[in-house]
Amino acid sequence: MTVYLNGQFMPIEEARIPVLDRGFVFGDGVYEVIPVYSRRAFRLAEHLKRMQHSLDGIRLQNPHNGAEWTHLIGELIARNDGEDQYLYLHITRGVAKRDHAFPNPPVAPTVFMMSSPLPTPPAELLRNGVGAVTAQDNRWLRCDIKAIALLPNVLLRQVAVDSGCAEAILIRDDAFMTEGAASNIFVVKNGILLAPPKDNLMLPGITYDVVLEITAANNIPHEVRRVTKQEVFSAEELLLTSSTKEVLAITRLDGKPVGDGKPGTMFAKLHQLYQEFKRDVMRQQPPLPPGKSQGV
Ligand code: PDD
């Protein structure tokens with residue numbers, strides 16, 4: 001596996017960062033996850049825009065402009081195997097003596113990128129869906145920043161795994177649903193797809209946006225609004241979305257079946273439309289000439 005670290009491509013075994021990196025010491029950084037289909041980064045411009053939002057949120061200057069990112073990402077894809085990949089981008093505030101305040105003068109940020117095989121859900125999970133648990137959303141009030149400090153998400157996800165489930169659905173203030181520990185959540189109620197609004201309490205998912213675009217384009221009834229805890233528990237269907245899981249049905253919640261316990265008609269429709277969208281925008285374009293990277 002070839003990774004990128006601070007200006008150089010190298011085998012992952014050779015990538016090293018100093019222990020005083022603020023990402024290691026404070027979790028002081030942001031990240032992005034970008035799926036790659038047919039060697040093209042999916043929704044690259046949108047991912048780079050969200051990364052800029054995250055960087056602005058932690059007051060860290062973007063080390064590269066869009067053209068530079070596009071070039072580096074193209075190189076990373078070309079240097080790794082697989083038509084479909086999953087890219088991880090990671091930027092920290094750099095290496096400095098331990099002090100909570102920002103280094104003054106600023107130091108060079110640490111920029112790391114790697115590519116792995118894209119772990120899209122196997123057919124069995126698409127057929128049967130996955131289990132989820134509900135958990136109290138005890139994270140901070142800037143969940144719109146894709147921060148590398150993920151301890152709350154790690155602990156919440158582990159609650160799900162300890163119960164044999166794939167995801168934790170997070171409930172804020174014992175009242176409304178925000179998202180999953182590592183995904184966005186949609187609820188189907190009275191045949192309408194309900195999506196929580198993109199605010200400071202959830203990550204503005206790129207897959208979430210694609211699903212809402214597809215929904216609007218195909219006249220599927222939907223509403224973007226707060227979704228109550230009661231609506232989650234009485235949902236006809238629950239869906240989760242993320243760059244790596246795409247669209248997946250949640251068929252058990254807290255040990256009870258969701259609807260009839262099988263992936264429902266909304267899931268089937270959205271999953272199919274998502275695959276078609278992917279195919280149309282990613283796979284049917286002419287292949288990139290060697291050495292040429294895609295534009296944003
Ligand atoms: N996580 N909400 C949270 C908290 C997430 O961590 C993610 C994705 C999402 C979905 O966003 P998108 O559709 O842009 O992937 C929502 C990635 C996959 C991760 O941390 O690995």
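The values are calculated or read from the model by the stated rules, or taken from the named source; none is laboratory data. Model, not experiment: these values are computed from the prediction. Cβ: placed from backbone, ideal geometry, glycine included. Neighbour counts: every protein chain shown. Only protein heavy atoms, including side chains, enter the accessible area calculation; ligands, DNA and RNA are left aside. Shrake-Rupley method; radii C 1.70, N 1.55, O 1.52, S 1.80 Å.
Test PRO106 against the criterion of being open to solvent by 60 Å² or more (accessible area, probe 1.4 Å) and either at pLDDT below 95 or not aromatic (Phe, Trp, Tyr) (or both), and give yes or no.
Values: open to solvent by 60 Å² or more (accessible area, probe 1.4 Å): yes; either at pLDDT below 95 or not aromatic (Phe, Trp, Tyr) (or both): yes.
Spelling it out, PRO106 is indeed open to solvent by 60 Å² or more (accessible area, probe 1.4 Å) and either at pLDDT below 95 or not aromatic (Phe, Trp, Tyr) (or both).
Please count how many residues of the stretch 214-245 are closer than 17 Å to GLN275 by Cβ and in contact (Cβ under 8 Å) with a residue 24 or more places away in the chain.
Within the stretch 214-245, the first condition is being closer than 17 Å to GLN275 by Cβ, and the residues that meet it are 214-215, 217-218, 220, 239-245.
Those still in the list that are in contact (Cβ under 8 Å) with a residue 24 or more places away in the chain too: 214-215, 218, 220, 239-245.
Residues meeting the conditions: 11.
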*Residue ID - nearest to PHE233 (Cα to Cα), chosen from residues in the stretch 149-164 that are touching a strand residue (DSSP E or B) at 6+ places or on another chain (Cβ under 7 Å) and crowded, with 18+ Cβ neighbours inside 10 Å*: ALA160
*Of the conditions (1) within 11 Å of the ligand (Cβ to nearest atom); (2) modelled with pLDDT under 95, THR120 clears all except one; give me its number.*
(1)
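Scan the stretch 136-159 and tell me whether some residue there is of a type in the set (Gly, Ala, Ser) and without any contact (Cβ under 8 Å) to a residue 60 or more places away in the chain.
Checked against the condition, which is being of a type in the set (Gly, Ala, Ser) and without any contact (Cβ under 8 Å) to a residue 60 or more places away in the chain, the stretch 136-159 yields no hits at all.
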*Could you please give the count of residues in the stretch 86-103 that are touching a Gly at 6+ places or on another chain (Cβ under 8 Å) and within 17 Å of LEU72 (Cβ to Cβ)?*
3
_Condition check for ARG142: open to solvent by 10 Å² or more (accessible area, probe 1.4 Å), within 13 Å of the ligand (Cβ to nearest atom) and outside any loop (DSSP other than H, G, I, E, B)_ = no
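What are the residues in the stretch 114-134 that are open to solvent by less than 30 Å² (accessible area, probe 1.4 Å) and closer than 28 Å to VAL25 by Cβ, if any? Don't jump to the end; show me each part of the working.
Kept after step one, since they are open to solvent by less than 30 Å² (accessible area, probe 1.4 Å), are these residues of the stretch 114-134: 115-116, 118, 121, 129-133.
SER115, SER116 - these are the residues of the stretch 114-134 that are open to solvent by less than 30 Å² (accessible area, probe 1.4 Å) and closer than 28 Å to VAL25 by Cβ.
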